[in-house]
């Protein structure tokens with residue numbers, strides 16, 4: 001039997017542990033759901049707060065009412081019991097005149113007869129007796145006799161507590177609430193009033209035991225009434241609060257929904273104006289604000305459309321004269337050896353500026369198409385590493401002329417992502433050309449990293465860096481940190497702006513970091529799939545070496561080639 005019990009105990013312990021875990025999980029889920037509802041619902045917060053405060057008020061009020069009612073009942077009971085006891089004492093004294101010197105049995109008989117007389121005396125017909133209710137009388141002689149026996153008594157003398165006896169035997173009228181067991185196995189609380197009978201020859205004490213059952217039932221009824229009434233009151237308060245709060249919150253929710261639709265592009269969204277109260281004034285103000293914003297947005301759209309159209313038209317119109325000038329410049333450039341030295345140099349400068357002018361026109365057309373939203377992404381799943389390598393190869397001539405080296409850090413495994421190779425390569429060329437232009441002859445590092453959802457590429461230089469606040473300005477069109485600084489790459493001032501738009505077209509982002517004296521770092525983050533957000537980028541910004549300014553170890557250096565690739569310079573942005 002003990003073995004079977006020992007086998008059952010582990011199973012019972014496991015069942016208990018599973019039950020406790022389920023309870024904990026359920027409680028945790030309920031707590032999380034309550035927390036979410038508390039944070040997102042003003043109506044729920046107001047209702048719960050009102051219910052909690054009302055509960056406290058109802059509880060305090062109920063306790064005060066219960067104490068007042070209980071004290072009033074007990075005071076009335078005690079006053080009536082004292083009056084009843086005094087009347088019973090007069091009756092007992094009249095019955096026990098001349099008591100003394102009898103035997104113990106004779107004294108007990110006289111005490112019994114006196115109790116019967118007290119019980120049938122019509123003192124209960126007056127107001128005091130009616131308020132006191134029924135009672136159980138007890139008569140006893142004071143103290144122990146010389147033999148040490150218990151005093152003579154009549155009635156349930158054992159129900160009288162000793163501490164009350166001491167006061168009454170000392171000729172003091174006293175009362176006390178005392179609980180004693182009854183014959184049914186329960187417990188009954190009595191109000192016991194004791195009074196000395198000093199008018200008889202032998203010292204006697206009279207005790208009347210008034211049961212408090214009626215008063216306890218009354219108090220219990222009051223408690224139940226207060227409890228039920230308090231619960232009903234709380235439910236009514238919760239319903240009223242919920243209804244009133246809903247009347248206030250519903251227009252606010254409608255205003256929030258209208259604002260979300262307005263922000264989403266539905267500029268005709270307006271609020272219904274009902275009445276002339278504060279919420280109606282709010283709706284009128286919102287509608288006026290929405291109408292004003294709508295007018296301004298349409299004006300800006302018209303102005304932007306005119307600006308984009310002007311840029312596109314001007315760029316297209318400049319193509320024809322530029323082509324003519326280009327043809328003439330090429331003829332002059334081909335015959336430059338026949339010209340004097342100064343004229344030959346002017347011819348070379350003319351060709352260089354025409355190259356830059358053509359790049360500027362190309363960038364203007366590109367950014368106008370991006371602004372108009374007509375560009376489409378030709379994305380396909382390819383390895384990003386060859387794109388980074390081609391971008392480095394295309395800028396190494398410029399890097400060699402600037403005295404900088406371009407260093408490439410690639411992962412060993414393939415980095416497959418759904419990207420537009422042409423646009424990503426253009427972004428990297430622009431970033432590398434910009435880094436070379438500001439590297440002050442120091443190395444430029446291009447790093448490729450990837451995780452499950454994103455591809456990140458950083459271009460790090462150790463040149464002049466960026467002052468505070470300039471990291472948000474570098475992507476502005478034609479913005480330059482130092483206007484007096486000469487460009488080495490022949491950029492147009494639109495390369496970084498176009499790069500940022502290309503990144504957004506991929507669903508990614510392009511951001512920058514820089515500190516004076518520690519260089520700058522640009523990070524391109526692209527999602528590996530167009531239908532999956534990029535999530536956390538695999539490469540950090542600021543870069544890990546931004547404190548010490550040291551170039552990371554373990555990189556692969558691409559040595560600048562001595563030959564020039566002048567034909568590719570027009571493809572370089574900035």
Could you work out how much longer the chain between residue 217 and residue 530 gets when fully extended? Use 0.36 nm per residue separation minus the Cα distance between them, nm to one decimal. 105.1 nm
If you average the C-alpha positions of the range 422-440 and of the range 336-357 separately, how far apart do those two centres end up, in angstrom? 27 Å
By how many nm would the segment from residue 57 to residue 337 grow when fully extended, if each residue of separation counts as 0.36 nm and the alpha-carbon distance is taken off? 90.5 nm
Residues 506, 178, sorted so that the one with the fewest Cβ neighbours within 10 Å comes first: 178, 506
Separation in nanometres of the label points that stand 7 Å from Cα toward Cβ, at residue 346 and residue 259: 6.5 nm
Estimated FRET transfer efficiency (residue 113, residue 34; beta-carbon r; R0 56 Å; 0.05): 0.20
Once the mean 1/r over all distinct Cα pairs of the range 199-301 is inverted, what Kirkwood radius in angstroms do you read off? 19.9 Å
Can you sort 431, 42, 524, 349 by how many other beta carbons sit within 10 Å, fewest first? 349, 42, 524, 431
Set the Förster radius R0 to 41 Å, insert the Cβ-Cβ distance between residue 42 and residue 478 as r into 1/(1 + (r/R0)^6), and round the FRET efficiency to 0.05. 0.30
Using label points projected 7 Å from each Cα along Cα→Cβ, tell me how many nm separate residue 23 and residue 302, to one decimal. 7.2 nm
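Coordinate-derived values only; no laboratory data. The shown structure was predicted, so the numbers you read here are calculated from the model rather than taken from an experiment. Cβ sites come from the backbone with ideal geometry, for glycine too, and all protein chains shown count toward neighbours.
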